[in-house]
Structure formats: C-alpha cells, structure tokens
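What follows is one structure encoded as structure tokens, with my remarks underneath.
Rule-based calculations on the coordinates, nothing more; no lab input. In this text, all values refer to a predicted model and were calculated from it rather than measured experimentally. Using ideal geometry, Cβ is built from the backbone for each residue, glycine included, and neighbour counts are taken over all protein chains shown.
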Amino acid sequence: MILIEVFVYAGIIAASISGTLVGIQKKLDLFGVVFLAACTALGGGLIRDIILGQSVPNVFVKPQYFIVSTIISILTWLFYQRTLQFQTTLILTDAIGLGVFTAVGAYSAIDHGLKGAFLIVSMGLITGIGGGIMRDVFAREIPLVFQKEIYAIAAIVGSVSILLTSEIFSKLSSLYICFVITTLIRIIAVRYKVNFPIRNVNDKSFNME
Amino acid sequence: MILIEVFVYAGIIAASISGTLVGIQKKLDLFGVVFLAACTALGGGLIRDIILGQSVPNVFVKPQYFIVSTIISILTWLFYQRTLQFQTTLILTDAIGLGVFTAVGAYSAIDHGLKGAFLIVSMGLITGIGGGIMRDVFAREIPLVFQKEIYAIAAIVGSVSILLTSEIFSKLSSLYICFVITTLIRIIAVRYKVNFPIRNVNDKSFNME
Amino acid sequence: MILIEVFVYAGIIAASISGTLVGIQKKLDLFGVVFLAACTALGGGLIRDIILGQSVPNVFVKPQYFIVSTIISILTWLFYQRTLQFQTTLILTDAIGLGVFTAVGAYSAIDHGLKGAFLIVSMGLITGIGGGIMRDVFAREIPLVFQKEIYAIAAIVGSVSILLTSEIFSKLSSLYICFVITTLIRIIAVRYKVNFPIRNVNDKSFNME
C-alpha cells in the first residue's frame with residue numbers, strides 16, 4: 001500500500017496549502033494559519049474517526065501527518081506571493097486531495113467491516129469534504145463546498161464506485177478506481193465550469209421562525 | 001411504537017424545510033441546500049449519538065431518514081414560492097419537530113439505561129436544538145436558538161417532564177407527554193411572542209482579551 | 001487533589017465570564033448567554049472526551065460544573081457594567097483558566113494511560129483552547145486564538161512541560177508545573193504585548209477554487 005501513502009501525502013499537502021492561503025487572507029497569525037492548515041488537511045479524517053468511534057482518532061496517532069502539514073503551511077506562508085502563481089498546480093493538487101481523502105475514507109469504512117452502502121458512501125464524502133468545511137467554519141465563511149461547483153458530487157460518485165467495484169476487484173484496486181474517478185470528475189468540473197443550480201430568490205424577506 | 005415514528009418523520013420534514021429555506025436564502029447550490037436540510041433534520045441526533053459514544057450513529061444506519069429529508073428538500077426547492085405561503089403550517093410543523101426530537105433524545109438516553117437527571121435533560125435539549133444550531137453555524141449565522149423566543153426552554157421543560165413521569169407511567173407514555181409539553185410551550189411562545197430578556201449594552205467597546 | 005479542583009473552578013468561572021461578555025455584546029437572549037458561557041467553560045473538556053471516546057463525557061456526569069457556570073453567567077449578566085471595570089482581574093482569571101484546562105487536559109490523557117507525546121500535547125492544547133473556539137464559532141467570530149497573542153503557544157509549551165516532568169516528579173507535581181508555566185507565559189504575553197507574526201497581503205483577490 002505504498003502508492004496510496006504517497007497520494008495521502010499529496011492530499012495533505014494540497015489541503016494544507018489551501019488552509020494556509022485562507023488563513024493568510026483572513027489575517028490570522030502564524031499559529032492560526034498553521035492550525036487552519038492542519039484542520040483542512042486532517043479534519044475530514046478526524047470527523048470520520050469520531051463518527052466511527054475510533055477510540056483515538058488516527059491523526060493523533062500519526063504525528064507525521066501533522067508535521068508534514070505544518071512544514072508545508074510554513075513554507076506557503078514564507079513564499080506566499082510565489083504560491084499564488086501556481087493556480088493550475090493548486091487546482092490539480094486540490095482535486096488529488098479530494099480524490100485521496102474520499103477513497104481512503106470509503107476504503108477504511110469497508111476495511112473496518114462496516115456494512116451498508118449509505119454508511120460507506122457517507123464516510124467517503126465526510127472524509128473528502130470534512131476538512132474544507134472545518135476550514136471554512138473557522139474562517140467564518142459559508143463552506144465553499146455548499147456553494148459552487150461539482151465538489152461533493154465527485155466524492156459521492158467516487159464513493160459509490162468503490163462500493164460497486166470492491167466486490168469484483170481487490171479492495172485495493174477499488175480504492176484506486178475511486179481515487180481516479182473522484183479526481184477526474186473534480187478536474188472536469190473545474191475545467192468546464194460545471195455548476196449545480198442555485199435558486200434565484202427575490203429578496204422580499206420572509207420569516208419562518 | 002408506530003405513532004412516534006410518524007412524528008419522527010414529521011420532525012424530519014419540518015427541519016428539512018427549515019434547512020432548505022435558509023440554504024436558498026444563502027444562495028447555496030442544490031447540493032448545499034440538500035446537505036443543509038439533512039444537517040438540520042439529522043444533526044441533533046448525530047451529535048447526541050457521538051456524545052453517547054454510539055459506535056455508528058443512528059442516522060448512518062437508517063438511510064430512510066436521509067432519503068425523506070432529501071426528497072422534502074428538493075420539493076421545497078422546486079416549489080419555493082409556494083412554501084412561503086404556508087407560514088402557519090411551517091411554524092406548527094417546526095414546533096412538532098422540536099417536540100419530537102427532544103422527546104426521542106431524552107427517551108433514548110433513558111432507554112440506554114443512562115442515569116442522572118442532568119445527562120438526560122441535556123440529551124433531550126441537544127437532540128432538540130442541535131440540528132438548528134448546525135444549520136446556523138454552516139449558514140454563518142449566530143444560532144437562532146440563542147437569540148430569541150422560548151425555544152430551548154421548551155425543550156428543557158419537556159425533558160424534565162419525561163424524567164418526572166417516566167417512573168410513574170410507562171416509558172412510552174412519558175415520551176408522548178414530553179412531546180406534547182415541548183410542542184405546546186413552543187407554540188404558545190410563538191403565538192404570544194414570549195421572549196427571553198436581552199441585556200442592553202451601550203456600545204462603548206471593551207476588550208476582555 | 002483538592003487544590004487542583006479549586007483551580008478548575010477558577011477556570012470555569014473565568015471562561016463563563018468571558019462567554020457571557022461575548023454573548024451580551026452579540027445581543028443573545030439570557031438563555032443564549034448562559035449556553036455560550038457553558039460552551040466556553042466546558043467545551044474544551046467535552047471535545048477532548050469525545051476525541052478520547054469517553055463514552056459519556058465528564059461534563060454531563062458532573063452537573064456541578066454546569067451549575068457554577070450558570071450562576072456565574074447570570075451574575076455577570078446582572079452586574080454587567082461592574083464586570084467591565086475589572087479588566088486586570090479578568091485577564092488574570094482568563095490566564096488561570098487557560099493554565100488549568102491545559103494542565104487537566106494533558107494530565108487526564110496521561111492518566112488514561114495514553115502514549116505518544118503528540119497525542120498528549122494535543123489533548124492539553126485542545127482542552128485549553130477548545131472552549132474559546134466553540135464560543136467564537138457560535139458567536140460568528142473567527143476564533144480569537146487564531147488571531148492574536150501567545151495563547152495557544154502557552155498551552156503547547158505547558159503541555160510539553162507536563163510530558164517532560166511527569167517521568168521525573170509525581171504526576172500531580174507535573175500537573176502543577178504545567179499549570180504555572182502555561183499561566184505565566186500567557187500573562188507575560190499579554191503584559192508585554194507579545195504577538196505572533198501576521199502576513200501582510202496586498203488585497204488583490206485570488207481564487208484557489
């Protein structure tokens with residue numbers, strides 16, 4: 001399982017950069033920036049482990065994930081202007097991150113012997129998008145994943161693919177299939193600006209409460 | 001326990017509509033709207049199950065809850081203008097939702113054999129208001145329940161009632177008593193605009209930090 | 001362990017006042033204010049217990065913590081103008097709160113027989129700053145701890161100190177050492193206005209997404 005570990009680090013790197021950029025824009029201090037990067041990179045897995053009742057979540061057992069996230073965050077902080085020039089690379093890495101986290105999340109649910117398609121797809125989705133949601137809540141933004149582009153859908157389709165293929169192929173192969181599908185859908189959505197519909201409301205206020 | 005299941009679905013429907021309306025106003029895309037509806041409808045139970053250490057929270061084991069929430073959310077999204085005309089129905093359904101979630105939350109704590117009045121009332125309260133808090137945090141609002149009207153108090157009084165009556169009557173009867181009391185208090189509070197006091201502050205800024 | 005219990009209550013009192021002041025400024029109603037105070041005072045321990053899988057978190061088993069938090073919150077609400085005059089006291093109490101929560105968090109991780117420096121320091125940090133983060137998320141603010149002053153660093157250094165000393169001295173002595181170090185660093189940081197660097201960004205907008 002060496003190759004997937006490489007991808008996990010790619011995901012952590014991508015998410016850490018994304019968290020760092022948001023933190024800098026929100027004028028957080030260096031600690032805040034590093035912490036936000038860690039939340040973005042590790043938050044999805046943390047939430048999944050809490051939901052599955054993993055008595056000590058994985059992120060606290062593997063400090064190497066946090067160390068990589070911190071190093072990347074500090075480097076991004078130091079070379080802030082430079083980072084901004086690599087928009088295409090960033091989008092690509094971000095899509096890889098989504099694919100990796102989704103695949104690992106759904107895979108680990110299956111690997112824990114959990115049953116139920118809904119549960120497994122949910123764990124893939126939550127692991128994939130949880131970190132970004134945590135980042136946006138702490139940065140006082142409405143989570144980006146709720147607002148535009150095919151982000152969550154990519155994670156859902158990917159998680160369904162691991163479900164369908166895990167009984168045909170080896171679990172590991174189906175993990176790679178999920179990763180590739182999720183990442184590809186995300187890249188295509190960004191490339192062709194595919195968006196989900198937004199309801200137009202005329203702003204006459206209403207009160208449900 | 002057939003009747004209470006009917007009420008549970010009423011609660012899910014009410015919460016899903018409420019989440020959908022907030023999502024539309026915040027200009028979320030359709031995925032965001034559906035996700036926000038699900039958080040509102042299922043978030044309270046999810047938080048309770050995490051706190052009680054239920055190894056896989058109930059919402060992931062019963063996809064039917066999520067499916068109902070999604071269908072209602074999409075229908076609300078499609079018939080947005082229509083929905084707004086039924087203000088009274090919405091308030092009524094919302095009160096039923098609060099009553100159901102509170103009753104089910106406190107009931108399931110007692111049913112798990114948990115002891116301690118404080119714990120059981122807390123579980124009723126958290127199940128009752130947790131979903132609305134999650135909705136408002138994701139929508140970048142200060143949770144409505146902190147701001148006006150007798151919302152939490154209804155859940156607290158209801159939860160206390162289940163405690164007091166569960167040793168006299170059957171557990172199931174006390175569940176219905178809690179549901180009726182919580183729902184009634186909420187309806188009366190909305191009807192007569194009963195509010196909790198708010199402290200007036202003159203805006204001279206201060207720094208605690 | 002009588003002395004540390006006294007400090008725990010000092011921490012709860014400090015955090016409850018801080019939560020109450022934020023709640024009043026945000027124009028929450030009295031319930032909202034009391035609830036925000038409780039989140040600030042008890043939130044860090046709650047998050048730690050959830051992460052460590054403590055099947056019913058401590059805060060629900062010890063209602064006395066919540067009762068103290070509520071009484072302090074209501075008193076602060078009643079004597080709001082008075083409270084503001086004691087800025088120095090507030091800062092001091094707040095520093096004691098940070099020290100206590102950090103020490104108790106790291107201590108209880110060691111006491112549970114948990115291994116791993118990273119895990120133990122994380123538990124100290126999360127217990128120390130978790131309540132304040134919860135307060136700020138609910139109050140729709142970017143968590144203060146991400147934005148200025150040596151707050152988290154004090155908790156991290158303190159948690160490291162308990163790690164280093166717990167094998168030399170008794171566990172209880174190392175708890176006090178952690179408490180003193182964390183509190184002192186925090187007070188010195190406020191007194192001399194020591195801050196972490198913030199990256200200046202020229203506001204030309206960029207999109208990672």
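Observations
- Each Lys or Arg adds one and each Asp or Glu takes one away; over the other residues whose Cβ falls under 12 Å from the Cβ of residue B:55, this sums to -2.
- Alpha-carbon centroids, the stretch A:72-112 and the stretch B:34-77: separation in whole Å: 28 Å
- With the label put 7 angstrom out from Cα along the Cα-to-Cβ vector, residue B:89 ends up 5.6, 5.6 nm from the copy partners, going from closest to farthest.
- Label distances, nm, residue C:4 versus same residue in remaining copies, Cβ-directed 7 Å point: 4.0, 4.0
- If a spin label sat at a point 7 angstrom from the Cα of residue B:173 along the line to its beta carbon, the backbone N atoms of the stretch B:83-118 nearer than 19 Å would be those of B:103-104, B:107-108, B:110-111.
- Sorted from closest to farthest, the other copies place their residue C:71 label points 5.2, 5.3 nm away, with each point set 7 Å from Cα along Cα→Cβ.
- Diffusion coefficient, µm² s⁻¹, Stokes-Einstein with Kirkwood Rh over alpha-carbon pairs of the stretch C:2-191 at 10 °C and 1.306 mPa s: 97 µm²/s
- Net length available on complete extension from residue A:71 to residue A:55 is 3.0 nm, with 0.36 nm assigned per residue and the Cα-Cα distance removed.
- Across the stretch C:78-92, coupling constants 3J(HN,Hα) worked out from phi with the 6.51/-1.76/1.60 Karplus curve, θ = phi - 60°, read 5, 10, 4, 4, 4, 4, 5, 6, 9, 3, 4, 4, 4, 5, 5 Hz, and Gly and Pro carry x.
- Averaging 1/r across all pairs of distinct Cα atoms in the stretch A:1-84 and inverting the result yields a Kirkwood radius of 13.1 Å.
- GNM flexibility winner over chain A from A:199, A:140, A:191 (Cα, springs under 10 Å): A:199
- The string of couplings for the stretch B:110-120 from the Karplus curve (6.51, -1.76, 1.60, θ = phi - 60°) is 5, 5, 6, x, 6, 10, x, 4, 4, 4, 5 Hz, one whole number per residue in order, with x for Gly and Pro.
- Residue pairs, from the table B:62/C:27; B:27/C:26; B:26/C:26; B:62/C:115; A:62/A:115; B:26/C:27, whose Cα atoms sit over 28 Å apart: B:62/C:27; B:62/C:115
- Relative contact order, percent, chain B [alpha-carbon distance under 8 Å, six or more residues apart]: 23 percent
- The Cα atoms of the protein assembly as shown give a gyration tensor whose axes a ≥ b ≥ c have a/c under 1.5, which makes the shape rounded.
- Charge dipole magnitude, Cβ of K and R +1, D and E -1 - the protein assembly as shown, Cα centre, debye nearest 20: 940 debye
- Per residue, the convex hull volume that the Cα atoms of the stretch A:47-133 enclose (Å³): 100 Å³
- A simple rule links phi to the HN-Hα coupling: the Karplus curve 6.51 cos²θ - 1.76 cosθ + 1.60 with θ = phi - 60°, which for the stretch C:40-51 gives 5, 7, 10, x, x, x, 4, 4, 4, 5, 5, 4 Hz, with x for Gly and Pro.
- Note on residue C:9 and residue A:79: the model spin-label points, each 7 Å out from Cα along the C-beta direction, lie 5.6 nm apart.
- Given charges at Cβ of Lys, Arg, Asp, Glu: the stretch C:2-191 dipole, positive-most of C:4, C:174, C:79: C:79
- Cβ charges +1 (Lys, Arg) and -1 (Asp, Glu), total dipole of the stretch A:2-191, debye: 240 debye
- Among A:99, A:158, A:116, the largest mean-square fluctuation in a Gaussian network model of chain A (Cα springs under 10 Å) belongs to A:116.
- Relative contact order (%) - criterion: Cα under 8 Å, at least six apart; region: the stretch C:14-89: 36 percent
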